[in-house]
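Novice: Below is a structure I'd like to ask you about.
Bear in mind these aren't lab numbers, they're just calculated from the coordinates by the rules spelled out. On a predicted model such as this, the values are computed, not experimentally measured, just so you know. Note that we place each Cβ from the backbone using ideal geometry, even for glycine, and neighbour counts take in every protein chain shown.
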């Protein structure tokens, strides 16, 4: 059978189809999204969950690892026991998986009531701008969240209503745990080198030098994913950059700059660590999971990383594991990168917002903080170092010091929606030697100012 | 457009046959022109095509004219997304990387496959069946498994570097996927490993149809192995060549899995490819307009290449 391609009719119908689709989508994409509905006023809010009838709360979280999973399971069960009319339908995914799917889930016609949303502009910021998350200000007043959490903690989940200003404005999320980037160290190795945990940049550098001379790997790092080095870089930056400047940069404020002298010094410092061989050889090829496992197995005196490694590292290293705040550099004031764990937020479309708010309150009250600490987490407030054991004592002491001294600075990659990818990518280039610090900072500056200019 | 090639109707020859006994019904019209009702037969296929291919394509083209974060209302920007993708070096670079991958995923496997198939056809090798099965195995393994396995092989302390150090080549050993100068080539070579088996098996099938007498004649004329491959095998393999090139080139250009799992586009964007950028822009960075634009340009690019490659067998028919 011979066949002949039919061209004209397909074309004609295609044109017709195009016109039809264009007519259908005469609205711009996303036009039918969330609306900036009225926010709950304190006087309209009901805190009496028991009288709300049978409710199912659809909750998406990423508390899947060890102690995190245990504490949320315990708290969910306790909440259901307290309010038998509430059923919690929990969907838990790993951090990566949640990040990938939450964007679709939240724009769905029937989104979850409560979602754990990453603080940054690419996530919470855009959700706020699109009117998909509910303002928690009214609930904060009713439940007294403003007193419960210090401002430095609340600001990491606050945006202006248009989503453009980050770090102030309306509260959109409540976090359970604190998070900071510090210095994990191997007590045995540091001890055999005869060194105390470094307090200053000088001590840190001489410790790295001594470790290297003794044939040890000074700092363990696996950066195949491009984000882990952002934390090593952040520690280097914090040695020179005043923390208010870092805050302006991290929250993406207009006028902040990547090319200040202090930033150049910080970037040069990071580069010098690479050039001196203080970091894992070929770290851009080493997966992060391999790196922390290697550190736990005794490769590396230090590892710069977040408190999220605590449970895994402690399980493997036991009493050999130590945690210290990063050294204080020439800038003279302590600055510690961190914030909170992923905050829980309530979706605009939730039909059970009052119940959801009661759930958020329950997850973050003083009793919940105890449950979190018992399960090896770092409670965002009320951490009780005295009753903690093992490295948890050091972590909680460090966290309390950071919050007391107001030393917390936001993650640098929060600044713009694509800063996380760009910064990671540029750090790989800087460490591979394909660009110098000037080109590195110029690229960041350009992307940063492009964003802040159009974000008005 | 591929849609034009897949939608085909019987030509007049066949339609006329069915009408021959019922002359009375014959309507005027140019000979060979099918009756209009024939278009009706196209309808079911066309509806499916429209729903699942044309409509999404048109919608994508529409989206590409907006700056849209996927959540809030988009802003009309006209062709600015296209200008950006074509002029911004960081958005253009992935297309260059994809072309490098075409060499490793497509050209090298085709040459190697041709060589292997000729060799296997020319001589009666013992265990030929086993060899055929072994070179084809990479095609059967899920790409995620391939990626994880090769990532391990290429790791700084992986088997490849162990082997290099064992023979004293410490200077060459490195983190292959962490070095901007080797990462793309490393992924390319995984593609070569993947594609060679497919090409070999395709070419073997093609060569089995070639009359042995032609080879005998060529040998009588004094043709050696290479001469024989070029003068006899290659011309008889035009159809297989087109299939092999199409499959491997499309695989190269739409590479996502290997990059996503092995390097995440790194180090420093050295292995960023269009399909990965589409994902990053639309799903991670909330820049759906740019992501869709890259996707459309990639689709157009693949379409043009496919049309070009499919001219290879046509020449044979003429």
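Novice: Please average, across the residues of B:74-82, the number of beta carbons from any other chain that are within 10 Å of each residue's own beta carbon, and give a whole number.
Specialist: 1
Novice: To continue, here is another question. Please report how far the C-alpha centroid of the stretch A:334-357 lies from that of the stretch A:115-150, rounded to the nearest whole angstrom.
Specialist: Answer, in whole Å: 5.
Novice: What average number of partner chain Cβ atoms lie no more than 10 Å from the Cβ of the residues making up A:184-195?
Specialist: Neighbouring Cβ atoms belonging to other protein chains average 0 per residue here.
Novice: Here's another thing I want to ask about it. Can you give the FRET efficiency for residue B:310 and residue B:100, using 1/(1 + (r/R0)^6), R0 = 25 Å, r = Cβ-Cβ distance, to the nearest 0.05?
Specialist: Calculated value: 0.60.
Novice: Also: Quote to one decimal, in nm, the extra length available between residue A:77 and residue A:405 on full extension: 0.36 nm per residue of separation minus the C-alpha distance between them.
Specialist: 114.5 nm
Novice: Give the order of A:254, A:164, B:281 when sorted by the count of other beta carbons within 10 angstrom, beginning with the fewest.
Specialist: A:254, A:164, B:281
Novice: Distance from the Cα centre of the stretch B:129-155 to that of the stretch B:220-266, in angstrom?
Specialist: Taking the Cα centre of the stretch B:220-266 as reference, the centre of the stretch B:129-155 is 18 Å away.
Novice: Would you work out the Kirkwood radius for the protein assembly as shown? I mean one over the mean of 1/r across all pairs of different Cα atoms, in Å.
Specialist: Computed over the protein assembly as shown, the radius equals 29.9 Å.
Novice: Please give the FRET efficiency for residue B:223 paired with residue B:166, using the beta carbon to beta carbon distance and R0 = 30 Å, rounded to the nearest 0.05.
Specialist: E between residue B:223 and residue B:166, to the nearest 0.05, is 0.10.
Novice: Where Rh is the Kirkwood radius over the Cα pairs of the stretch A:99-213, the temperature 25 °C and the viscosity 0.890 mPa s, what D in µm²/s does Stokes-Einstein return?
Specialist: My calculation gives 142 µm²/s for D.
Novice: Report the Cα centroid-to-centroid distance between the stretch A:51-90 and the stretch B:174-204 in angstrom, as an integer.
Specialist: Taking the Cα centre of each part, the stretch A:51-90 and the stretch B:174-204 sit 48 Å apart.
Novice: Moving on. Which order results if B:47, A:328 are arranged by neighbouring Cβ count within 10 Å, fewest first?
Specialist: Sorted ascending by nearby Cβ count, the order is B:47, A:328.
Novice: Over chain A, what relative contact order in percent results from Cα pairs under 8 Å that are six or more residues apart?
Specialist: About 23 percent, as a whole number.
Novice: Compute the relative contact order of the stretch B:52-203 as a whole-number percentage, counting only Cα pairs closer than 8 Å that sit 6 or more residues apart in sequence.
Specialist: About 31 percent, as a whole number.
Novice: May I pose another question? Take the Cα atoms of the stretch A:268-365, build their convex hull, and give its volume per residue in Å³.
Specialist: It is 206 Å³ per residue.
Novice: In nm, give the distance between the simple-model label positions of residue A:436 and residue A:51, each being 7 Å from the Cα along the Cα-to-Cβ direction.
Specialist: Roughly 7.2 nm, to one decimal.
Novice: Oh, and also: Only counting other Cβ atoms within 10 Å, I'd like B:190, B:185 sorted with the fewest neighbours first.
Specialist: Ordered by Cβ neighbours within 10 Å, fewest first: B:185, B:190.
Novice: Give me a single rounded figure for A:103-116: the average over its residues of other chain Cβ atoms within 10 Å of their Cβ.
Specialist: The mean count of partner-chain Cβ atoms within 10 Å per residue comes to 1.
Novice: Also, quick follow-up: Once the convex hull of the alpha carbons of the stretch A:163-228 is built, what does its volume come to per residue, in cubic angstrom?
Specialist: Hull volume normalised by residue count: 176 Å³.
Novice: Could you grab the relative contact order for the stretch B:83-317? Cα pairs under 8 Å, six or more apart, rounded to a whole percent.
Specialist: After rounding, I find 29 percent.
Novice: Classify the stretch B:83-317 as rounded, prolate or oblate, taking a ≥ b ≥ c as the square roots of the eigenvalues of its Cα gyration tensor: rounded when a/c is under 1.5, otherwise prolate if a/b is larger than b/c and oblate if not.
Specialist: oblate
Novice: Treat each spin label as a single point 7 Å out from the Cα along the C-beta direction, and report the residue A:203 to residue B:92 distance in nm.
Specialist: So the two model labels end up 5.2 nm from each other.
Novice: Would you mind computing, in nm to one decimal, how far apart the modelled labels at residue B:123 and residue A:188 are, each placed 7 Å from Cα along Cα→Cβ?
Specialist: If labels sit at residue B:123 and residue A:188, their model points lie 5.7 nm apart.
Novice: Ranking request for peptides A:189-199, A:127-137: highest mean number of other beta-carbon atoms within 10 Å first, then the rest in descending order.
Specialist: Top of the packing list down: A:127-137, A:189-199.
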